[in-house]
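Worksheet: the structure to be examined is printed underneath.
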């Protein structure tokens, strides 16, 4: 029985690792869960890009995302986008409040996103880069951002 268990252990361990990899693109710091950090590819000479993720406050107290940084850009800013008639309005919000049980999904085309200003090189499909999120109460956490495999095209986020 022991030898059968020993021979099955590597297979079982590999299966656990693969299962974690399939669902493991999330992070936790304090009561905050950060899900699926990703970015869109950019084209050559594009000065900025967008990064997206989901934030969930699983705690009983509020928290705030105070700042974001990444070595791929001169600066990273928390932005919101809205449509006013036929005009897209984008603005930096400074910080993002996360009430208890709040869930904020950052996605292209609406709501919040992270602007990567002054890109040091294009974001290419399949690339990964680090990004640090700093929360008022939960503290700092570094996440790995995956660049989507969608076709690169100039972003509507031209500031």
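For the stretch 84-101, how many residues meet the condition of being in contact (Cβ under 8 Å) with a residue 24 or more places away in the chain and loosely packed, with under 15 Cβ neighbours inside 10 Å? Residues meeting the conditions: 7. Take the conditions (1) closer than 28 Å to residue 83 by Cβ; (2) in contact (Cβ under 8 Å) with a residue 40 or more places away in the chain; (3) part of a strand (DSSP E or B); residue 123 misses just one of them, which is (3). With respect to residue 41, is the statement that it is surrounded by 19 or more Cβ atoms within 10 Å (Cβ to Cβ) and over 19 Å from residue 139 (Cα atoms) true? Considered against the rule, which asks whether it is surrounded by 19 or more Cβ atoms within 10 Å (Cβ to Cβ) and over 19 Å from residue 139 (Cα atoms), residue 41 comes out as yes. The residue that is nearest to residue 46 (Cα to Cα), among those in the stretch 103-114 that are part of a strand (DSSP E or B) and under 11 Å from the mean Cα position of the chain (by Cα), is 114.
Can residue 117 be described as surrounded by 15 or more Cβ atoms within 10 Å (Cβ to Cβ), over 16 Å from residue 29 (Cα atoms), touching a strand residue (DSSP E or B) at 6+ places or on another chain (Cβ under 7 Å) and modelled with pLDDT of 95 or more? Answer is yes for this residue.
So for the stretch 49-59 (the condition being surrounded by 13 or more Cβ atoms within 10 Å (Cβ to Cβ), over 17 Å from the mean Cα position of the chain (by Cα) and in contact (Cβ under 8 Å) with a residue 24 or more places away in the chain), does at least one residue qualify? Within the stretch 49-59 (the criterion being surrounded by 13 or more Cβ atoms within 10 Å (Cβ to Cβ), over 17 Å from the mean Cα position of the chain (by Cα) and in contact (Cβ under 8 Å) with a residue 24 or more places away in the chain), the answer is yes, since at least one residue qualifies.
The values are calculated or read from the model by the stated rules, or taken from the named source; none is laboratory data. All values derive from a computational prediction rather than experimental measurement. Neighbour counts run over all protein chains shown; Cβ positions are idealised from the backbone, glycine included.
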